[in-house]
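See below for the structure under consideration.
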């Protein structure tokens, strides 16, 4: 068992999310629904198992489950010295909002 499996029961042995519709596997009190636009001044995160270190706050929230190289490349492509542009597509009103992509049961 890896530390990722122990900490996040919703992950498979390879570190991928097993059920993206069950947010409560890893989130409590609807924390997955935080407004991305307000998350601009959070500290960067160091993930010893991650492909990017340190990683910006919003990318870190996503990279816990989206652990492959294409996802990491997506995080990097949408991050500059000005910040992350995740909110454009994944924030409220975006084409790929968190709650629409990770629709719950």
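Taken together, the values in this text are just the output of simple stated rules run on the coordinates, not laboratory data. Here the structure is a predicted model, which means the values were calculated and not measured. Positions of Cβ are generated from backbone atoms using ideal geometry, with glycine treated the same way; all protein chains shown enter the neighbour counts.
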Ranked 85, 73, 60, criterion: other C-beta atoms within 10 Å, fewest first: 73, 85, 60
Pairwise label distance in nanometres, residue 100 with residue 81, each label 7 Å out on the Cα-Cβ vector: 3.4
Sorted by Cβ neighbour density within 10 Å, fewest at the top, the residues 98, 69, 55: 69, 98, 55
